[in-house]
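Participant: Please see the structure below; I have some questions.
Quick note: the coordinates plus some simple rules give every number you see, no bench work behind them. This is a predicted model, so every value here is computed, not measured. Note that we place each Cβ from the backbone using ideal geometry, even for glycine, and neighbour counts take in every protein chain shown.
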Amino acid sequence: MPAVTVEDLLVLPRLPRPDATATDRPVRHLVTAPQQREGAGFMVRRPFPSAALPDADPFLLLDHVGETVYQPYEAKGAPWHPHRGFETVTYVIDGTVVHHDSNGGGGVISDGDTQWMTAGSGILHDEVPSEEVLAKGGLSHGIQLWVNLPRTRKWAQPRYQDVRADKLRLLTSDDGGALVRLIAGGLGGYQGPGVTYTPIVYAHASLLPQARLRTGWDPQFSAMVYVLQGAGSVGPDRRPVREGQLAVFGAGDVITVQAAAHQRGRTGRFEVLLLGGVPLREPIARYGPFVMNTEAEIRQAVEDYQQGRMGRIPADRLEGTP
């Protein structure tokens, strides 16, 4: 797992130890992500939306493309498709993804990079393997998160952020046993580089065996922990969790994550995502790649896409290849 790391965690700034009077958030739900096919046929784990967790406001979707070793010409991506009304956040832990959009934007992200695309009023894009990965194969591992936009931002101008791995805010836990890569939002007084319309926290933490990460969490934010790899426990009652499971926390000021003594994953660490945000509590109307507030807005989105009002695929990209 080549996502940005450091050899000595003790050189990093430490997250402050929560006050003794702070309230631990209990685990309210534990969801085991079902698997399904997406894009051109790759498998994802999707803890939400799902039958167990239909709503994760302000988040709309989390897809985990687990560690996969592709053979030559086996790698798959997501060919050209539209979006409107939210933001897509693609975090590549291993591998390389090439992105193009109908505004002429995009780029190449790999090994710890994040692509943050605000679809806003509407855009077409694709996400595909690089030519080298397609020809030679290789390891792939990543996450796509959909972040809802508030009603006032649904029609924002589309934009693209390229958050490189070396720009992430690197932190460690108060005991020095966990590496925290802060991608967006604030944690413990530190700020990640991602710029968001909806206030959220998004971080990737790697815990050494038996290490504990106990950090303050904004009481106005929702709080979730998704397990990318390994096994451990969450919450004050140490609920066991493993790869592919999502813990949803209740109210409080602190979240706690602890790694088990033995880790079987490739990194030898307990790898988790920390997620949370201010719930929008607005009506949601969704149809495939469109997420708006009313059914009328969805019908308009479909019509706008069919009429080419969300942009057109550049002539040199009509085949959908990088």
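Participant: Out of residues 5 or more away from Q161 or on other chains, whose amide H comes under 5 Å of its own, with H placed 1.01 Å from N in the peptide plane?
Facilitator: Distant-sequence amide H within range of Q161: W116, M117, T118.
Participant: By the gyration tensor of its Cα atoms, with a ≥ b ≥ c the square roots of the eigenvalues, what is the shape of segment 203-322: rounded for a/c under 1.5, prolate for a/b over b/c, or oblate?
Facilitator: Cα axes put segment 203-322 in the oblate bin.
Participant: Let me ask you something else. In nm, to one decimal, how far is the R312 label point from the Q191 one, both placed 7 Å along Cα→Cβ?
Facilitator: For R312 paired with Q191, the spin-label model returns 4.1 nm.
Participant: Compute the relative contact order of segment 229-309 as a whole-number percentage, counting only Cα pairs closer than 8 Å that sit 6 or more residues apart in sequence.
Facilitator: RCO, segment 229-309: 22 percent.
Participant: On to the next question. Tell me the label-point distance for the pair R14, E132, using the 7 Å Cα-to-Cβ offset, in nm and rounded to one decimal.
Facilitator: Placing both labels 7 Å beyond Cα along the Cβ direction yields 3.9 nm.
Participant: Here is a follow-up. Output ³J(HN,Hα) for segment 147-152: one whole-Hz value per residue in order, computed from phi by the Karplus curve 6.51 cos²θ - 1.76 cosθ + 1.60 with θ = phi - 60°, and x for Gly and Pro.
Facilitator: After applying 6.51 cos²θ - 1.76 cosθ + 1.60, I find 10, 5, 9, x, 3, 6 Hz.
Participant: If you average the sequence gap of Cα pairs under 8 Å that are 6 or more apart and divide by the length of segment 118-171, what percent do you get for the contact order?
Facilitator: Averaging sequence separation for qualifying contacts and normalising by length gives 67 percent for segment 118-171.
Participant: Listed highest first by mean packing, meaning other Cβ atoms within 10 Å per residue, what order do 197-203, 91-97, 237-243, 249-255 come in?
Facilitator: Order by mean packing, descending: 91-97, 197-203, 249-255, 237-243.
Participant: If you take the beta carbon distance between T32 and T5 as r and set R0 to 45 Å, what does 1/(1 + (r/R0)^6) give as a FRET efficiency, to the nearest 0.05?
Facilitator: Details: r = 28 Å, r/R0 = 0.62.
According to the calculation, E is roughly 0.95.
Participant: Residue-wise, which Karplus ³J(HN,Hα) couplings in Hz belong to segment 111-120, taking 6.51 cos²θ - 1.76 cosθ + 1.60, θ = phi - 60°, and x for glycine or proline?
Facilitator: Along segment 111-120, the couplings run 6, x, 7, 10, 10, 10, 10, 8, 5, x Hz.
Participant: Under a plain spin-label model, where a point goes 7 Å from the Cα along Cα-to-Cβ, how far apart in nm are T23 and E74?
Facilitator: Going from the T23 label point to the E74 one covers 5.0 nm.
Participant: Now for a separate question. If you place +1 on the Cβ of every Lys and Arg and -1 on the Cβ of every Asp and Glu, how big does the dipole about the Cα centre of the chain come out, in debye to the nearest 20?
Facilitator: Dipole size: approximately 580 debye.
Participant: Going by alpha carbons, how many degrees (0 to 90, nearest 10) lie between the helix axis of 295-306 and the longest principal axis of the chain?
Facilitator: Long axis of 295-306 versus the principal axis of the chain: about 60 degrees.
Participant: Still on this structure: Specify which residue in the list H141, P16, Q71 is farthest towards the positive end of the charge dipole of the chain, using unit charges on the beta carbon of Lys, Arg (+1) and Asp, Glu (-1), about the Cα centre.
Facilitator: Comparing the listed Cα positions along the dipole, P16 ranks first.
Participant: So who's got an amide H within less than 5 Å of the one on L149, skipping anything under 5 residues away but keeping other chains? H placed 1.01 Å off N, in plane.
Facilitator: Hits under the 5 Å cutoff: E87.
Participant: Within the set of other residues whose C-beta is less than 10 Å from the C-beta of G216, count the net charge using Lys and Arg as +1 and Asp and Glu as -1.
Facilitator: -1
Participant: What are the ³J(HN,Hα) couplings of segment 165-180, residue after residue, when phi is run through the Karplus curve with 6.51, -1.76, 1.60 and θ = phi - 60°? Round to Hz, x for glycine and proline.
Facilitator: Working through the residues one at a time gives 4, 6, 9, 5, 7, 9, 9, 10, 6, 5, 9, x, x, 9, 9, 10 Hz.
Participant: If you don't mind, another one. So if we plug the beta-carbon distance of R151 and D237 into 1/(1 + (r/R0)^6) with R0 = 56 Å, what FRET efficiency do we get, rounded to 0.05?
Facilitator: Numbers: r = 38 Å, r/R0 = 0.67.
Computed FRET efficiency for R151 and D237: 0.90.
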